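The values are calculated or read from the model by the stated rules, or taken from the named source; none is laboratory data. If you're wondering where the values come from, they're calculated on a predicted model, not measured in any experiment. Glycine gets a Cβ as well: all are built from the backbone with ideal geometry, and neighbour counts include every protein chain shown. Please note that ligands, DNA and RNA were not included when accessible areas were found on the heavy atoms of the full protein model with its side chains. Shrake-Rupley method; radii C 1.70, N 1.55, O 1.52, S 1.80 Å.
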Amino acid sequence: MASVELSSSEQTEVEIFPGSPKDRTDAILEVRNLRKYFPIESKSILFSKVVGQIKAVDGIDLQIFKGEILGLVGESGCGKSTLSKTIIGLEKPTTGQVLYRDKDIHHPKSKTESMEVKRNIQMVFQDPYNSLNPRRLVRDTLKEPLIIHKLAPGREEEVVIDMLKKVGLEDYHALRYPHEFSGGQRQRIGLARALIMKPEIIIADEPVSALDVSVQASILNLMQDLQQEFNVSIIFIAHDLSVVKHVSNRVAVMYLGRIVEIGPTDMVFDRPAHPYTVSLLSAIPFPDPDIKKKRIILEGDVPSPVNLPEGCRFAPRCYKAQELCHKEEPMLQEIRPNLWAACHYPEDEKVIFFDVVEEEA
Amino acid sequence: MSSETTHPTHEDVLLDVRDIYTYFRTESGVVKALDGVSFDIRNNEAVGIVGESGCGKSVTAKSILRILPKNGEVVAGEVYYRGVNLLNLTEPQMRTVRGKEIALLFQDPLSSLNPVLSIREQMVDVISLHRGVDEEEAAEIAVKMMKAVGIPEAEQRIDDYPHQYSGGMRQRILIARALALEPRLLIADEPTTALDVTIQAQVLDIIQRMRKELGLSLMLITHNLGVVAENTDRIHVFYGGRVVESGPTRDIFKDPHHPYTIALLESIPSFVKGKGRLATIPGSVPQLINPPSGCRFHPRCKYMTEECKKRPPLEKIGKDRYVACFHVDKVLADRKKSS
């Protein structure tokens, strides 16, 4: 994959990491050629044999920089969640590595290193109802990681109250159970639980998709505030592209286990290069009846990650596909400064127009 | 409540919901899911029902079709469909309305299909029953409709089972089945919420195309403001079991009058506008077991006064425009100032 070898040289400036902006050298997390396959087994009484592989994540290179919010978008089944689970260590990769400050998170050298990595990568889940233990006081839920990691010996309660206030709750909320909170408040608790570890990276998997629009706005504001205050990096996974556009600095678009386009948010949304990104953006309905746009309606569904099409994975649905696309799989390449896309025929013009049509009512 | 709050009947009205109250009996008390809801849908019109969870959108659809769960009941009001009050019909009469006159499309296409029956069995039965044709003809209609909604190789795929279809394809099957009965009104309850955006675009495209071809009316229930903006002619905004504002789609988006509608529109992250902070609505959606008195929105509203503890009527403020708020003048003055 990484055709440009990540040499052992100390000069990080020389390295070209696919998809990363050249002017940044403060990567804190590196995903290298990551693959996660799930075997499909056919079971009989005596034997079970592997008849196929679900290629959920199929060769991903990605760097996360200090203090950035990276939006990860894609349709269901594109591997967003498997990628995040593998980054946090809930799944073992089939091949490839995830490095947190040069430490392989799946093969820690010592207990201390393992603890350090775990403390620094935290997760916020989609469903604030199922991700909190219903039989535990909020205080105990928040206190436990502090005790395990010995982060504030003797002052745990103080730290818990402090954190609750930071996420917009009150001190008396510490003595309540999860069912006493609304969805939005529970998501605040979820954020508090992640942040209390003072992590460097938070993975937020669809953190606002279970919430109503009016509540969603307050959680997004809070996440942006906390990101600034703690200077934490966030991998923000969402299927709602307007939410991703609002919060993130960089965006990676995934399709069938691969990153097909990655770059600064404004560039990806204003002048996307990959036809998939173009069609994805053109599919979003706009909450403004005056905006008319050219809509590219994709044919068919996302193919199964078991039988991947040959060549470019998107070619069977692509409006630009040529012969080459069905033969040769394109690699991520820099199309415009800092904007990378894996496509043989990237768009070089602005293809989506958001026209404001003046209509007389 | 007062009959002044209902819409005057338009000559073209297909469905006229007048001041309905739907209550649910639960262990913790009576849930007033619909609390005096009035709106209408005209011939060939696409109407959006918009609101957040628990505002009564889906209960409205179920009340119209009388498919409420056992503990729910429409306790007052009228639902006129082509001049007939559906609430007075007998159950056998109602069965001729469901499907044939008013079709319903659910959010989750998998649970609306029987997993152990082939698509053929599920379509042919319904079509031959409602359209009075034999099975062979019903199968022909089914295949024709499946082709119309863009299912490739419909002749073969009709013998497949639901699990052999993807989510978007299942929703197409349901659209095909619903429209094969030639209804006049299609109620689509969050039809694309479970689907990905590219598939959502496909499904909405089909619904719109079929609507034009067959000349049917659409009641589109959704929380997605983008979907309503692009697919409807008029909108009824729901909050806490009531209609708080209604009007032509463009007017609602360009010139919202109710403080809730304004706040809702401001809280969505915009594609076109810059980043900045999102406007938020303090508090959360009301509990309908013990709802706030008067205007349901008043505890979260910045225009709240003593008066708001009384119920504001849904008043006509222009052609097809209705708002339920005592402070419309003040709200509009503020909007003018800020723009």
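When only Cα pairs below 8 angstrom with a gap of at least 6 residues are kept, chain A shows a relative contact order of 19 percent. The label point for A:Lys350 and the one for A:Arg176, both projected 7 Å from the Cα toward the Cβ, are 4.7 nm apart. For the pair B:Ile67 and B:Ile289 in one chain, pulling the backbone fully straight at 0.36 nm per residue adds 77.8 nm over the alpha carbon distance. Look at the alpha carbon pairs under 8 Å that are at least 6 residues apart: their mean separation over the length of segment B:66-181 gives a relative contact order of 28 percent. Take every pair of alpha-carbon atoms less than 8 Å apart whose residues are at least six positions apart; their mean separation over the length of segment B:204-339 yields a relative contact order of 21 percent. For the peptide B:280-287, the mean number of other protein chain Cβ atoms found within 10 angstrom of a residue's Cβ is 5.
Calculated FRET efficiency, A:Arg336 to A:Asp26, Cβ-Cβ distance, R0 = 30 Å: about 0.85 to the nearest 0.05. Annotation for A:Asp290 and B:Lys144: the two label points, set 7 Å from Cα along the Cα-Cβ direction, are 4.4 nm apart. Axis angle, to the nearest 10 degrees, between helix B:167-180 and the longest C-alpha principal axis of chain B: 80 degrees.
Between the C-alpha center of segment B:75-96 and that of segment B:98-115 there is a gap of 20 Å.
Note that segment A:235-248 has calculated 3J(HN,Hα) couplings of 9, 9, 9, 7, 9, 7, 5, 5, 5, 5, 4, 5, 9, 9 Hz, one per residue in order, obtained from phi through the Karplus relation 6.51 cos²θ - 1.76 cosθ + 1.60 (θ = phi - 60°); glycine and proline are x. Summarising the strand pairing of the protein assembly as shown, around 65 percent of its internal DSSP beta bridges are antiparallel. Most simply put, chain B has about 65% antiparallel DSSP beta bridges, counting only bridges with both residues inside it.
Once all protein chains are placed together, A:Phe236 keeps about 0 Å² accessible to a 1.4 angstrom probe.
Check cross-link reach from B:Lys70 to the lysines: straight Cα distance under 30 Å, and skip same-chain residues fewer than eight apart. Counting by Cα, and skipping residues close in sequence, B:Lys70 has these lysines nearby: B:Lys32, B:Lys57, B:Lys62, B:Lys100. From the alpha carbon centroid of segment B:308-339 to that of segment A:64-95 is 47 Å. Take each residue of peptide B:162-169, count the partner chain Cβ atoms within 10 Å of its Cβ, and average: the result is 2.
Listed by chain and number, the lysines whose C-alpha is less than 29 Å from the C-alpha of A:Lys150, apart from same-chain residues fewer than 8 away, are A:Lys66, A:Lys85, A:Lys92, A:Lys103, A:Lys109, A:Lys111, A:Lys118, A:Lys165, A:Lys166, A:Lys198.
Considering only A:Leu298, A:Phe236, A:Ile202, the residue lying farthest towards the positive end of the dipole of the protein assembly as shown is A:Ile202, judged by Cα position with unit charges set on Cβ. Remark on the protein assembly as shown: hydrodynamic radius 27.6 angstrom, per the Kirkwood mean of 1/r across alpha carbon pairs.
The lysines within cross-link reach of B:Lys147, meaning a Cα-to-Cα straight distance under 19 Å and a gap of 8 or more places when in the same chain, are B:Lys212.
Dipole magnitude for segment B:236-277: about 220 debye, using +1 per Lys or Arg Cβ and -1 per Asp or Glu Cβ, origin at the Cα centre.
The contact residues of segment B:235-266, meaning those that lose at least 50 Å² of 1.4 Å-probe accessible area when all protein chains sit together rather than their chain alone, are B:Arg250, B:Lys254. Shown is the FRET efficiency for A:Lys92 and B:Glu266, computed with R0 = 45 Å from the Cβ-Cβ distance and rounded to the nearest 0.05: 0.50.
Compare the Cα positions of B:Ser339, B:Leu265, B:Pro92 along the charge dipole of chain B (+1 at Cβ of Lys, Arg; -1 at Cβ of Asp, Glu; about the Cα centre) and return the one farthest towards the positive end. Ranked along the dipole, the leading option is B:Ser339. To the nearest ten degrees, helix B:328-338 and the longest principal axis of the Cα atoms of chain B are 90 degrees apart.
Where the only charges are on Cβ atoms (+1 Lys, Arg; -1 Asp, Glu), what is the dipole of chain A about its Cα centre, to the nearest 20 debye?
Here chain A has a charge dipole of around 1400 debye.
Our note on the geometry: Cα centres of segment B:221-269 and segment A:242-283, 28 Å apart.
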